[in-house]
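Let me begin by presenting the structure, written as structure tokens, before commenting on it.
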Amino acid sequence: RELEEGGVSLASQQQFLQWLHGVEESLVAEQSLPYQRFIDQLSKQLLSVQSLSERAGDSLQLLGTLDTQYCSVSEKTVSLHLACQHLLEEQTRLAELDRDLSSRLGVFLTADKVAHKLTSPTLSVHSETFLPLLSTIDTNISYLLAHPQYRDSPPYLTKYRASLSRGLDMVRSYVKRVLDAATLGAKQQDTSNMETQSAFTLFYGKFRAAAPKLRSLIAEVEARRENEELAEYDSLLSDIQGNYFNCRLELLGGSVRGAVSQLVTVHTRDHTGLLRAGCAFLLHVCEDEHQLYTQFFAPPAPAEGEDSDDSQLDDFLETLCLILYDNLRPLIIHVTHLETLAELTSILRNEVVGQHCITR
């Protein structure tokens, strides 16, 4: 176009060739312009991709660093968790060991405290702390007996035995005071008119009134005597029963002798009447005494094929019956009539043993 319009002047072949070469390059450039633009865009995108790749590489590097740090933290966390779990297990084991040692040491640490409490002037057998105190002593004695291998078991066992003896002496003294007071109260009643005064009030009223004061305490002694390691309770119960029967014999002995002597006087020549009246009187007394006995004590049921364990009760009732025996024997041995002796034997066999004893 430039050539046609006269814009280009070609004076030589060399100029023409140069012009032609320029035109060719212009055509080539014009034809390659879209490609060049596409190449430029690709170059720009390549730069963007390279930048993104660099950023992705940096990100991957950071992620690798984070992964390494995470693994390190995770390992440390697991290690810390295991250490905490181990410490908790160790704490639990040490706590159990501490409780075990505390329970074992408690037996030794409370010995002096128990002894001090038993010497307190405010402590009595009716205190709320007395029976738990005895239970503590019993438990600790059993524990020391079960663990004789402990170094200080023998001396502390001696301490607890002494404390137990002191506590049981308090029980023994208290029971004796109550029984002596009941006996004295019964003795101080007016006995000048025995015919009109109630025999229950005279011989049993004071003791029945005292029974509630002692029953729960004696029940504790009876329950604790089952422990073979604590023979002191068996001895205490025997002493209490002995004191009880001594008081009853002191109160009843004279009256029973007087009543039997009166029966002998009334039935001077009537041996059968004397035997009936005397046996009926003693059976009634023995029955009343047995009922009163159960107000204080719980007689154990005899095991199969064995007799009852109430030997002191049997001895006491036998002592009362011997009063009648001692009065009857001198009279009966002088009886020479066979019929009278046969009748006396029949009374004893049929009326006394056959009716009174069996029905009771």
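Take the Cα of W19, step 7 Å toward its Cβ, do the same at D326, and the gap between the two points is 18.1 nm. Classified by the C-alpha gyration tensor, the range 59-146 has a prolate form. Its axis ratio a/c, with a ≥ b ≥ c, is 1.5 or above, and a/b is larger than b/c. Net charge dipole, the range 1-125: roughly 1320 debye, given to the nearest 20, about the Cα centre with Cβ charges of +1 for Lys and Arg and -1 for Asp and Glu. Residue separation of S53 and S261 scaled by 0.36 nm, minus their Cα-Cα distance, works out to 61.4 nm of gained length.
Label sites at S173 and E75, each approximated as a point 7 angstrom past Cα along Cα to Cβ, lie 7.7 nm apart.
Using R0 = 51 Å, the C-beta based FRET efficiency linking E250 and Y150 works out to 0.60. On a C-alpha basis, how far is the centre of the range 229-273 from the centre of the range 79-142 in Å? Whole number, if you could? Using only Cα atoms, the two centres lie 49 Å from each other.
Highest average first, the peptides 256-262, 235-241 ordered by how many other beta carbon atoms sit within 10 Å of their residues are 235-241, 256-262. For the pair T268 and T119, label points projected 7 Å from Cα toward Cβ lie 6.9 nm apart. Rounded, prolate or oblate: which fits the range 241-291, taking a ≥ b ≥ c as square roots of the Cα gyration tensor eigenvalues, rounded meaning a/c under 1.5, else prolate when a/b beats b/c? Oblate, since a/c reaches 1.5 and b/c is not below a/b.
Among 42-52, 134-144, the peptide with the highest mean count of other Cβ atoms within 10 Å heads the list, and the full ranking is 134-144, 42-52. Each peptide in 169-179, 118-128 gets a packing score, the mean of other Cβ atoms within 10 Å over its residues, and the list from highest to lowest is 169-179, 118-128. Extension gain, L101-D67: 0.36 nm per intervening residue step, less the Cα-Cα distance, totals 7.3 nm. Between D112 and A83, the contour length at 0.36 nm per residue exceeds the Cα-Cα span by 6.2 nm. Surface composition of the range 83-161: carbon and sulfur make up 61 percent of the accessible area, probe 1.4 Å.
The values are calculated or read from the model by the stated rules, or taken from the named source; none is laboratory data. Computed from a prediction, not measured in an experiment: that's the story for all the values here. Backbone-built Cβ (ideal geometry, glycine too); neighbour counts: all protein chains shown. The accessibility values were calculated without ligands, DNA or RNA, using every heavy atom of the protein model including side chains. Shrake-Rupley method; radii C 1.70, N 1.55, O 1.52, S 1.80 Å.
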